[in-house]
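Taking it in order: structure first as structure tokens, then the write-up.
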Amino acid sequence: MLLSIAMPTRNSARYIRDALQSIRQALAGTGVAWETLIADGGSTDETREFVEAEPNARIVSWSDAGLYDGMNRAISAATGGFVLILNSDDLLIDVGIRAALDHFRRTPDCDMVSGDVLVGQDLGGATKTSPFRSLSADGAMFGIPAINARIYRRDVVVKAGPIWIDAGLAADREWLARLSASAVQRHRVDAPLYFYRQHEGSKTLANDAEASERIWRAECQLARRILADPKASPTLRSLARSAHALATFKLRVRGLSTSDLSGAVPETSLADLARGIGLTLRWRGKIAGS
């Protein structure tokens with residue numbers, strides 16, 4: 001059994017040593033072989049030196065077009081039968097990782113195993129969030145995607161295809177919706193798989209007004225990308241209209257414009273906005289299913 005860990009990074013010397021150490025700790029003694037595939041977006045700090053000192057890690061790309069392009073590059077280099085994504089400022093949690101791998105051993109037909117997420121500035125003060133209900137398109141679009149809190153069978157990831165890198169920071173939502181259709185046999189372990197670190201440099205967990213604005217703009221961008229895709233299902237298109245209506249409303253309340261975003265502006269209604277509000281309330285603070 002070989003586990004491929006895909007890690008996008010750029011100038012993460014402050015955290016990447018801890019991330020790499022957490023991988024060793026989580027997998028030590030499990031009998032599972034692993035490879036850590038680093039997609040480096042052009043680091044100018046000591047990131048590369050730390051990676052080169054790690055026996056099971058290798059840099060597979062020296063430049064990329066951002067976070068999701070880095071993920072795609074690392075995933076495409078995977079040779080293992082199983083794939084896990086870990087950002088370089090986060091940590092694997094051994095109890096959940098081991099439980100997930102044990103389930104794959106016991107259930108050869110399983111496509112994906114999900115677990116809980118720990119969120120905080122440090123492990124000692126972290127709070128736990130768990131998957132809510134079964135994974136669905138509305139959960140992927142309005143819940144917390146937590147694509148890092150899941151281990152995937154590589155065949156399922158290949159079938160789903162790469163993450164849309166032109167869809168903004170919310171592109172993991174659409175990718176998870178695709179995976180939910182591909183990963184037929186899914187399981188959840190009642191344990192955390194990873195620690196999502198909250199810090200000032202985080203693009204989504206910086207806990208400030210600018211982070212909220214980035215997220216809302218990303219949701220608008222993703223919705224436009226979905227609505228421009230002729231292959232998108234009617235369900236996903238409807239959810240995209242609701243997501244766009246709600247994110248646009250939030251931005252306008254703050255006096256912000258979406259004129260800088262690419263793609264055609266979709267026609268939405270008050271019904272779309274109302275549905276978006278309802279789905280947000282339903283999924284607020286909850287992981288998008290398992």
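The values are calculated or read from the model by the stated rules, or taken from the named source; none is laboratory data. Bear in mind the structure is a predicted one, so any value in this text is a computation, not a measurement. With ideal geometry, Cβ positions are generated from the backbone for all residues, glycine too; neighbour counts draw on all protein chains shown. All accessible areas refer to the heavy atoms of the entire protein, side chains included, with ligands and DNA or RNA removed. Shrake-Rupley method; radii C 1.70, N 1.55, O 1.52, S 1.80 Å.
In the calculated pair-distance distribution of region 154-265, the portion above 17 angstrom amounts to 62 percent of the Cα-Cα pairs. Peptides 264-271, 42-49 ordered by packing proxy, namely the average of other Cβ atoms within 10 Å per residue, highest first: 42-49, 264-271. Please state the shape class of region 99-182: rounded when a/c is under 1.5, otherwise prolate if a/b exceeds b/c and oblate if not, all from the C-alpha gyration tensor. It comes out oblate by the Cα gyration axes.
Is region 72-144 rounded, prolate or oblate when judged by the Cα gyration tensor, a ≥ b ≥ c being the square roots of its eigenvalues, rounded requiring a/c under 1.5 and prolate requiring a/b larger than b/c? Judged from the Cα gyration tensor, region 72-144 comes out rounded (a/c under 1.5).
Of SER259, SER4, the order by accessible heavy-atom surface (1.4 Å probe, DNA, RNA and ligands excluded), from most exposed downward, is SER259, SER4.
Run the helix sum for the chain: -39,500 (n - 2.57) per DSSP H stretch of 4+ residues, divided by residue count, reported at 222 nm to the nearest 500 deg cm²/dmol.
Value at 222 nm, helices only, nearest 500: -12500 deg cm²/dmol.
Using R0 = 45 Å, the C-beta based FRET efficiency linking LEU261 and GLU49 works out to 0.75.
The distance linking region 156-198 with region 13-91 is 18 Å (Cα centroid to Cα centroid, whole angstrom). On the principal axes of its alpha carbon atoms, the chain extends 55, 43, 37 Å, with the longest extent given first. Between rounded, prolate and oblate, where does region 1-141 land on the alpha carbon gyration tensor, with a ≥ b ≥ c its root eigenvalues, rounded for a/c under 1.5, else prolate if a/b exceeds b/c? The shape class here is rounded. Only aspartates and glutamates eight or more places from LYS250 in sequence, or on another chain, were considered; those with a Cα closer than 19 Å are ASP208, GLU210, GLU213, GLU219, ASP260, GLU267, ASP272.
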